[in-house]
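The structure under discussion appears below in the form of structure tokens.
The values are calculated or read from the model by the stated rules, or taken from the named source; none is laboratory data. Please read these numbers as outputs of a predicted model, since none were measured by experiment. Note that we place each Cβ from the backbone using ideal geometry, even for glycine, and neighbour counts take in every protein chain shown.
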Amino acid sequence: MKIVQRILGLLISIISSIALYLIAAFPMLVVDTEFFTILFSYLLTLFMPGLIIDLVFGWLGRGLEEDIALKC
């Protein structure tokens, strides 16, 4: 289940980053940019810190086999 959560967090972070880049690069394509900017920024700030912490603690243990956060 932990692998699925990591993959889901990574996908949402990548999609949000790409969407924010496209909104900034091509501002005329989307009429209501404020809503999408707030939405994708929220998703990025929601998933990115947890993903980074999870990956760091995952690699500090024995790779992906052991979750060091469960020991703390």
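When ILE68 is tested against (1) surrounded by 11 or more Cβ atoms within 10 Å (Cβ to Cβ); (2) of a type outside the set (D, E, K, R); (3) at pLDDT 75 or above, just one condition goes unmet, and that condition is (3). The C-beta contact set for segment 17-36 (first residue free of Cβ contacts under 8 Å to residues at least 40 places away in the same chain, second residue hydrophobic (A, V, I, L, M, F, W, C) and surrounded by fewer than 10 Cβ atoms within 10 Å (Cβ to Cβ), distance under 9 angstrom, 6+ apart or interchain) comprises LEU22/LEU29; ILE23/LEU29.
The conditions of being loosely packed, with under 12 Cβ neighbours inside 10 Å, modelled with pLDDT of 85 or more, of a type outside the set (A, V, I, L, M) and over 12 Å from the mean Cα position of the chain (by Cα) are met by TYR21.
In segment 24-35, the residue that is surrounded by the fewest Cβ atoms within 10 Å (Cβ to Cβ) out of those that are among the hydrophobic types (A, V, I, L, M, F, W, C) and part of a helix (DSSP H, G or I) is ALA25. Applying a threshold of 7 Å to beta carbon distances and a minimum spacing of six or more residues, or different chains, the list of pairs starting in segment 2-15 at a residue that is surrounded by fewer than 13 Cβ atoms within 10 Å (Cβ to Cβ) and ending at one that is charged (D, E, K, R) reads LYS2/ASP67.
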